[in-house]
Amino acid sequence: MASSISGLCSSSSSTLIRKPHLAPPPPKPHLAETLKPPFSGKSRHILTYAVARDAPVEKKGGLERDPKALWERYTEWLYQHKELGLYLDVSRMGFTDEFVKEMEPRFMKAFKAMEDLEKGAISNPDEGRMVGHYWLRNPKLSPNSFLRLQIENTLEAICAFSQDIIAAKIKPPSSPDGRFTQILSVGIGGSALGPQFVAEALAPDNPPLKIRFIDNTDPAGIDHQIAQLGPELASTLVIVISKSGGTPETRNGLLEVQKAFREAGLNFAKQGVAITQENSLLDNTARIEGWLARFPMFDWVGGRTSEMSAVGLLAAALQGIDIKEMLAGASLMDEATRTPVVKNNPAALLALCWYWASGGVGSKDMVVLPYKDSLLLFSRYLQQLVMESLGKEFDLDGNRVNQGLTVYGNKGSTDQHAYIQQLREGVHNFFATFIEVLRDRPPGHDWELEPGVTCGDYLFGMLQGTRSALYANGRESVTVTVQEVNPRSVGALIALYERAVGIYASLVNVNAYHQPGVEAGKKAAGEVLALQKRVLAVLNEASCKDPVEPLSIEEVADRCHAPEDIEMIYKIIAHMAANDRAIIAEGDCGSPRSVKVFLGECNVDALYA
Ligand SMILES: O=P(O)(O)OC[C@H]1O[C@](O)(CO)[C@@H](O)[C@@H]1O
């Protein structure tokens, strides 16, 4: 009996899109494989680390146990940025003076590379691009006046537009309120993660416009966001963000939102804003369709470092966040992280710790634990910033290095009830980064829930306790402390990690500013969709015969001239069948060889297309 295979096959996955012949050759052994684990958990031990591609060097190192000596180490290495009220404590990393000395020449090279980058060098050689996110917060540093004016004019335009939206000088055409109340931000990767992080960290409880995001091509997720807006779609400002202007997930999100507008009888163009590079597909669409506004993204700003461009600033300003304070915080941090003295440069100190902990080859993961709910998305934001920048197959000289630094984490103390057990006692494959916020609550709101102790004291205790407990078991950590979460400190944190990534990339000699691996995935996804079209054509042809000719998966693959893609063809058929795509299957999906498929109806036009 003929039956839809949707039920049987609904668990099949279409995520394994790499074709067998696309598989890369097995990697050659690299430095990571030649290294011993840096820490044994004992107080003194031999540490082996590597300096980029040089031979591994034997070094003594270890975690200080004596409380007095540890206090000495804490005070000796504590970094403080007075104006920002930011501290960096690296005392719970076991690096030695000898290690720091040995790294010195590499840091000098890295500082020079950062200086050249800021002066406008082509620091992204593969893409032939300058790397200018530092100019965004200090336009005077731009290598020429044209770029400086572009930055200044864009900032002015962002401020003016957001003020006009908030003051209802610019109104949505069909909203009963006569003002915009919601933002729907459509974008992915660097075009979403910064705005998401900043919204979570800084948006006031009652912002002038509330924000929600579409950051995927998951139809159910998109439907959910649109359904949650309900009638407020009429007062929603849709910001579509894509540097390239052609990212499929973002395009799909836009098309879905435009459909929702049509169905609600609304004029999308009067509520749509594009942030993209000039003359991109998105830019041209927005211009031709007459969208409400367009803001530029610059060729020389990468997606993952674009939070201080229109990408992050427009949404932030619309939520009532002081974007000039964010820029000021970033600018102050930029200044501090230009210092060519490792000990006085917090970004260099972070890079030093990363190198020490991971042997310069990413052998340990970085677990980021902000003890503050509003910083929940910081680790997710850093995941892209660090991993897309450092996770590279080849170094700048073309050597295969398979570099990277794995980042994960959510927040404390919540995670203490999830995975800290393993961090304390299990596999020793990480180092931690604690983010501490000194101010628990706005002044005047605190109270003691038991004598002498507030709720925030508990949070503080949890952080300190976890830091100590990890250290006691030989687990290293870094602690970044800020006074409070505000636009200035968030700007500073972003700038701190941007520079740390730039410096570290230089230490390990990789291009931090391209992402060739992502392109490979996008290309393979495109190939799957092209294959799906061929499968449909083959099935249609067989289904237009009289009588209908059910085909086995092998036969479909042969007729598609793609026998090597048979598994993918099976997954395509199973996915379409699960989604009411008129595919009929006979047989048992548990044994794919027995399945025969045909279409429920013949599309004669498609036969001659
Ligand atoms: O802004 P775009 O061009 O849509 O790209 C989105 C994201 O896709 C990537 O190119 C690859 O993930 C990121 O670097 C980027 O942030």
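Candidates are the residues of segment 241-259 that are assigned to a helix (DSSP H, G or I), buried (at least 21 other Cβ atoms within 10 Å of the Cβ) and of a type in the set (A, V, I, L, M); the one that is farthest from the ligand (Cβ to nearest atom) is Val257. Given the criteria out of contact with any helix residue (DSSP H, G or I) (no Cβ under 6 Å at 6 or more places or on another chain) and surrounded by fewer than 15 Cβ atoms within 10 Å (Cβ to Cβ), does Lys140 qualify? Against the criterion (out of contact with any helix residue (DSSP H, G or I) (no Cβ under 6 Å at 6 or more places or on another chain) and surrounded by fewer than 15 Cβ atoms within 10 Å (Cβ to Cβ)), Lys140 qualifies.
Of the residues making up segment 503-543, those that are within 16 Å of the ligand (Cβ to nearest atom), outside any loop (DSSP other than H, G, I, E, B) and out of contact with any Leu (no Cβ under 7 Å at 6 or more places or on another chain) are Pro516, Gly517, Val518, Glu519, Ala520, Gly521, Lys522, Lys523, Ala525, Gly526.
If you filter segment 166-194 down to residues that are touching a helix residue (DSSP H, G or I) at 6+ places or on another chain (Cβ under 8 Å), without any contact (Cβ under 8 Å) to a residue 60 or more places away in the chain and more than 20 Å from Ile321 (Cα to Cα), you find that the one that is nearest to the ligand (Cβ to nearest atom) is Asp177.
Among residues of segment 226-240 being free of Cβ contacts under 8 Å to residues at least 60 places away in the same chain and within 29 Å of Val301 (Cα to Cα), the one that is farthest from the ligand (Cβ to nearest atom) is Val238. The combined condition, being part of a helix (DSSP H, G or I), of a type in the set (A, V, I, L, M, F, W, C) and either closer than 20 Å to Trp71 by Cβ or out of contact with any Gly (no Cβ under 7 Å at 6 or more places or on another chain) (or both), is fulfilled by Leu470.
The rows are residues; the columns are (1) more than 15 Å from the chain's Cα centre (by Cα); (2) surrounded by fewer than 24 Cβ atoms within 10 Å (Cβ to Cβ); (3) within 26 Å of Ile188 (Cβ to Cβ).
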site: Asp299; (1), (2), (3): yes, yes, yes
site: Ala317; (1), (2), (3): yes, no, yes
site: Asp322; (1), (2), (3): yes, yes, no
site: Met326; (1), (2), (3): yes, no, yes
site: Thr337; (1), (2), (3): yes, no, no
site: Ala347; (1), (2), (3): yes, no, no
site: Leu350; (1), (2), (3): yes, no, no
site: Lys364; (1), (2), (3): yes, yes, no
site: Leu390; (1), (2), (3): no, yes, yes
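Applying a threshold of 9 Å to beta carbon distances and a minimum spacing of six or more residues, or different chains, the list of pairs starting in segment 195-211 at a residue that is within 17 Å of Phe378 (Cβ to Cβ) and of a type in the set (S, T, N, Q) and ending at one that is in a loop (DSSP other than H, G, I, E, B) and modelled with pLDDT of 95 or more reads Gln196/Asp215; Gln196/Leu377.
If the condition is being more than 15 Å from the ligand (Cβ to nearest atom) and aliphatic (A, V, I, L, M), then segment 291-319 contributes Leu292, Ala293, Leu313, Ala316, Ala317, Leu318. Only one of the listed residues (Val538, Val548, Val597) is touching a Pro at 6+ places or on another chain (Cβ under 7 Å) and either within 30 Å of Asp218 (Cβ to Cβ) or of a type outside the set (S, T, N, Q) (or both). That residue is Val597. Which of the residues belonging to segment 213-234 are crowded, with 19+ Cβ neighbours inside 10 Å and either within 16 Å of Thr250 (Cβ to Cβ) or touching a strand residue (DSSP E or B) at 6+ places or on another chain (Cβ under 9 Å) (or both)? The answer is Phe213, Ile214, Asp215, Ile222, Gln225, Ile226, Leu229, Leu233. The set of residues from segment 570-583 being under 18 Å from Ala542 (Cα atoms), out of contact with any Leu (no Cβ under 7 Å at 6 or more places or on another chain) and not small (Gly, Ala, Ser) comprises Tyr570, Ile573, Met576, Arg581. Scanning segment 320-353 for residues that are of a type in the set (S, T, N, Q) and either in contact with a Ser or Thr (Cβ under 9 Å, 6 or more places away or on another chain) or free of Cβ contacts under 8 Å to residues at least 40 places away in the same chain (or both) yields a total of 2. Of the residues making up segment 376-393, those that are touching a residue at least 40 places away in the same chain (Cβ under 8 Å) and out of contact with any Phe, Trp or Tyr (no Cβ under 8 Å at 6 or more places or on another chain) number 6. Does Asp558 meet the test of being over 27 Å from Asp218 (Cβ atoms) and modelled with pLDDT of 95 or more? Spelling it out, Asp558 is indeed over 27 Å from Asp218 (Cβ atoms) and modelled with pLDDT of 95 or more.
Do we find that Ala557 is in a helix (DSSP H, G or I) and either acidic (Asp, Glu) or over 28 Å from Val401 (Cα atoms) (or both) in this structure? Yes.
Could you count how many residues in segment 268-283 are more than 16 Å from the ligand (Cβ to nearest atom) and either over 17 Å from Glu256 (Cβ atoms) or within 23 Å of the chain's Cα centre (by Cα) (or both)? Within segment 268-283, residues that are more than 16 Å from the ligand (Cβ to nearest atom) and either over 17 Å from Glu256 (Cβ atoms) or within 23 Å of the chain's Cα centre (by Cα) (or both) number 1. Out of Tyr497, Tyr458, one residue alone is within 16 Å of the ligand (Cβ to nearest atom) and either modelled with pLDDT of 95 or more or in a helix (DSSP H, G or I) (or both). It is Tyr497.
Taking segment 320-394 as the region of interest, the helices (runs of 4 or more DSSP H) fully inside it that hold 3 or more residues being away from the ligand (no atom under 16 Å from the Cβ) are 323-336, 346-358.
The values are calculated or read from the model by the stated rules, or taken from the named source; none is laboratory data. The structure displayed is predicted, hence computed values, not measured ones. Counting neighbours? That spans all protein chains shown, and the Cβs are built from the backbone with ideal geometry, glycine included.
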